[in-house]
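Asks: Have a look at this one.
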Amino acid sequence: MNGKLFLSALVKFLSGVVVVALLLFLPAGTIHWRNAWIFLGILFVPMFCAGIVLMIKNPGLLKKRLNAKETQSEQKKVIGLSGIMFVVGFVLAGLDFRFKWIVLPEWVTFAAAVVFLVSYVLYAEVLRENTYLSRTIEVQEGQKVVDSGLYGIVRHPMYAVTLGLFLSMPLVLGSVFSFLIFLLYPVFIARRIKNEEEVLEKELDGYGEYKKKVKYRLVLFLW
């Protein structure tokens, strides 16, 4: 096991836990918030397990995803806007809990948690199917078009899965106002996909034919 890679992954993981916890519990004014603890559990426990699996089976992919830095200005804008969305959404969820603006029934939280976990499983499947996945828009040396499995249904299954992940987050937290903020995510991701496909069509052999074969980008029968 690569000790340096493990330490880097662990630091980023723990930093993520701390940042998200602060964004939730500080606005809430308390740590006695069950929904937030459920959310942290279903978010970070599978993430930790997935990181261990990648560390053992595909450390190259893990390193690539940890160290990726976007270079294209269009993608930097999308990432920046998404970051703002997460911060505002989590803070609003904490304030919503604190001041009891709108209280959702418990079944919404648990249904959203199921959607979140199913989306997590599908996300892992996407990573298994496509070892070229990166957090940045790029074509790697020797990269080939993947058109099997989930890639035979929509062209961007990873982004499709993140719709389920991110739109279920505020509902796990029980916040309608946070959910309204997270509705911006499909807009951001559509912008990212359009730019990504321009790059792939220019630089990845066979991508034009793949677009003809798999018609839908993100949502089957819709777009």
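Asks: In Å, the Kirkwood hydrodynamic radius of the chain over pairs of distinct alpha carbons? It would help to have the intermediate numbers written out before the result.
Replies: Working: mean 1/r = 0.0535 Å⁻¹.
Averaging 1/r across every pair of different Cα atoms and inverting gives 18.7 Å.
Asks: Next question. Based solely on its DSSP helices, what 222 nm [θ] is calculated for the chain when runs of n ≥ 4 H residues each add -39,500 (n - 2.57) and the sum is averaged over all residues, nearest 500 deg cm²/dmol? Please report the intermediate quantities before stating the final value.
Replies: On the way: 9 runs with 159 residues, N = 223.
Here the helix-only value at 222 nm equals -24000 deg cm²/dmol.
Asks: Would you work out which of Gln75, Val88, Tyr216 lies farthest towards the positive end of the dipole of the chain? Charges go on Cβ: Lys and Arg +1, Asp and Glu -1.
Replies: Positive-most Cα among the choices belongs to Val88.
Asks: In whole Hz and in residue order, list the ³J(HN,Hα) couplings for the range 198-213 that follow from phi through the Karplus curve 6.51 cos²θ - 1.76 cosθ + 1.60, θ = phi - 60°; x for Gly and Pro.
Replies: After applying 6.51 cos²θ - 1.76 cosθ + 1.60, I find 4, 5, 5, 5, 7, 10, 10, 4, x, 6, x, 5, 5, 4, 6, 6 Hz.
Asks: Please list 3J(HN,Hα) in residue order for the range 101-116, calculated via the Karplus relation 6.51 cos²θ - 1.76 cosθ + 1.60 where θ = phi - 60°; whole Hz, with x for glycine and proline.
Replies: For the range 101-116, the Karplus curve yields 4, 9, 9, 8, x, 4, 4, 5, 4, 6, 5, 5, 5, 5, 4, 4 Hz.
Asks: Size of the dipole of the range 3-213 about the Cα centre, Lys and Arg at +1 and Asp and Glu at -1 on the beta carbon, nothing else charged, in debye to 20? Don't skip to the answer; put the middle values down first.
Replies: Details: 23 positive and 16 negative charges, 82 e Å.
Using only the charged Cβ atoms, the result is roughly 400 debye.
Asks: Given H placed 1.01 Å from N in the peptide plane, which residues other than close sequence neighbours of Arg217 have an amide H under 5 Å from its amide H?
Replies: It is Arg155, Trp223, by chain and number.
Asks: Follow-up. Pick from Leu95, Leu62, Leu14: which residue has the top mean-square fluctuation in a GNM of the chain where Cα pairs under 10 Å get a spring?
Replies: Highest fluctuation among the options: Leu14.
Asks: If you don't mind, another one. At a Förster radius of 41 Å, what calculated FRET efficiency corresponds to the Cβ-Cβ distance of Phe110 and Leu220, to the nearest 0.05?
Replies: Values: r = 26 Å, r/R0 = 0.64.
Efficiency, from the Cβ-Cβ distance: 0.95.
Taken together, the values in this text are just the output of simple stated rules run on the coordinates, not laboratory data. Given the structure is predicted, the values throughout are model-derived calculations rather than measurements. All Cβ positions, glycine included, derive from the backbone under ideal geometry; neighbour counts span all protein chains shown.
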